[in-house]
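Beneath this line is the structure, given in structure tokens, with notes to follow.
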Amino acid sequence: MELSTWGRVQNLVQTDFDLWVESKCSDGGKEKYCRLCEKREKRGTCGYGGSMWDKYTVNDVSDSEKAAAAEESGITGDGGDGGGDGGGGE
């Protein structure tokens, strides 16, 4: 489905805003290791948002740091309910 003109404008403005925030925030334009997403990324691309990126990123990370960050934030490595159909067996 093609976006309307208004939808395209909204996407452009959001992208420009994200880039502006990234350039103005400390380390926002720098790629760091996000302990929650478990990958190197920039502030604007963190799946948990910029404020969580600010709190949980480091230059390098150990396994114990990953576990501590996940526990502190309430995010666990088990993936919640594990997805799937809930075990209905249908």
Notebook entry, point to check: Only one of (1) loosely packed, with under 13 Cβ neighbours inside 10 Å; (2) at pLDDT below 70; (3) part of a loop (DSSP other than H, G, I, E, B); (4) of a type in the set (D, E, K, R) is not met by Glu2, so which one is it?
Noted result: (2)
Item checked: Residue selected from the stretch 53-87 under the condition surrounded by fewer than 10 Cβ atoms within 10 Å (Cβ to Cβ), small (Gly, Ala, Ser) and at pLDDT 75 or above, by the criterion farthest from Glu38 (Cα to Cα) -> Gly74
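The values are calculated or read from the model by the stated rules, or taken from the named source; none is laboratory data. Given the structure is predicted, the values throughout are model-derived calculations rather than measurements. Every residue, glycine as well, gets a Cβ built from its backbone with ideal geometry; the counts of neighbours run over all protein chains shown.
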